[in-house]
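Let me begin by presenting the structure, written as structure tokens, before commenting on it.
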Amino acid sequence: MRGLPEMASELGLKEFEWDENKRRLNVQNHGIDFIDAANALRTGPRLDIESYRNGELRTLSICPDTLKLIAVVFTMRGDLCRIISARTARKDEQRKYRQIYN
């Protein structure tokens, strides 16, 4: 994602939503459940990279999930965090995260 600068974030997100069919597909395709992605976003710390896509502000968040770093794309809808996708973080994303948090 391109656009706005990246930022380190330790702010907690509390309420989440997602499309249930998309959650099942994400588990199938990437092996990451949105429930686990929500927990990772909630506990942080995160590296957030914001951009606009289809006129909507989206955030790519790199955050730890158990034994690996994951990349979660979400958008805010009022106070709700709507998870769009989640996957294992790419090597370049992991490197950026570790430069800040290690």
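The values are calculated or read from the model by the stated rules, or taken from the named source; none is laboratory data. Note that the structure is predicted; figures quoted are calculated from it, not measured. Counting neighbours? That spans all protein chains shown, and the Cβs are built from the backbone with ideal geometry, glycine included.
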* Could you please find all residues in the stretch 61-100 being surrounded by 13 or more Cβ atoms within 10 Å (Cβ to Cβ), within 18 Å of Gly31 (Cβ to Cβ) and aliphatic (A, V, I, L, M)? => Ile62, Leu69, Ile70, Ala71, Val72, Val73, Ile83, Ile84, Ala86, Ala89
* **Members of the stretch 67-102 that are at pLDDT below 95 and in contact with a helix residue (DSSP H, G or I) (Cβ under 8 Å, 6 or more places away or on another chain)** => Cys81
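Scan the stretch 44-56 and give yes if some residue there is more than 11 Å from Val72 (Cα to Cα), assigned to a helix (DSSP H, G or I) and either modelled with pLDDT of 90 or more or not aromatic (Phe, Trp, Tyr) (or both), otherwise no. Walk me through it before giving the result.
Going residue by residue through the stretch 44-56, those that are more than 11 Å from Val72 (Cα to Cα) are 44-45, 50-56.
Narrowing the set further to residues that are assigned to a helix (DSSP H, G or I) leaves none.
The answer is no, given that none of the residues of the stretch 44-56 is more than 11 Å from Val72 (Cα to Cα), assigned to a helix (DSSP H, G or I) and either modelled with pLDDT of 90 or more or not aromatic (Phe, Trp, Tyr) (or both).
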* Structure fact -> When (1) more than 16 Å from Tyr101 (Cα to Cα); (2) part of a strand (DSSP E or B); (3) among the small types (Gly, Ala, Ser) are applied to Ser61, the one that fails is (1)
* Determine whether Ala37 is outside any helix (DSSP H, G or I), among the hydrophobic types (A, V, I, L, M, F, W, C) and under 15 Å from Phe16 (Cα atoms). => no
